[in-house]
Amino acid sequence: MSTHHVEDTHAQRDLAQLGLAAVLGVIGLVTLWDTSRLEVGFADPVGPKVFPYVIGSVMVVLAVALVFSALAGGRGEVEGGEDVDLEQRADWVTVARLVGVLVVTVVTVDLLGWAISGAVLFAGAAWSLGSRTVIRDVIVGVVLAVGSWYGFHEGLGIPLTPGILDGIL
């Protein structure tokens, strides 16, 4: 085997993919280890350990697959149909608006509750991203926030804070 072929194979290895595989594998292993330490009393047949075990296992399997792919010279293809101008600079005003909307949501969710804060989150994110149909955005935000509140609270039994709407929702 020639030295030239070995250098070509080594040059084809994508170190970023190997790094991502390492991070993915470590997170998967930590998830599995941490899940094994959970102390659970009597639970459903499924129990609270099933999903973390599944997620951790899938992460480890994907990490191993990514290592094999990267070592075999596999590389992701550039998206040919992507409609993004790579020469365009980042729109920091939009990013700042989105961060502001998220901060407002985090600060107000305990007081106002998820139904109101979630509606503000949706409408504010839509506005930040360029929507100018405020009334429609607020209506859709209210429907999504109230619907998700009931979905979590009644459907899954996970209480989200009702805030000032306590007793109304």
Long-range amide H contacts for Lys49: which residues qualify at under 5 Å (H placed 1.01 Å from N, peptide plane, sequence gap of 5 or more or a different chain)? none
Proxy reagent accessibility, fewest Cβ within 10 Å first, across Phe68, Phe152: Phe68, Phe152
HN-Hα couplings for segment 147-158 via Karplus (6.51, -1.76, 1.60; θ = phi - 60°), in whole Hz with x for Gly/Pro, come out as x, 5, 4, 5, x, 6, 5, 8, x, 9, x, 9
Simple label model, 7 Å out from Cα along Cβ direction - Tyr150 to Leu38, nm: 3.0
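Throughout, read-outs are computed from the coordinates displayed, never taken from laboratory work. Quantities reported herein were computed from a predicted structural model and do not represent experimental measurements. All Cβ positions, even for glycine, are placed from backbone atoms using ideal geometry, and neighbour counts span all protein chains on display.
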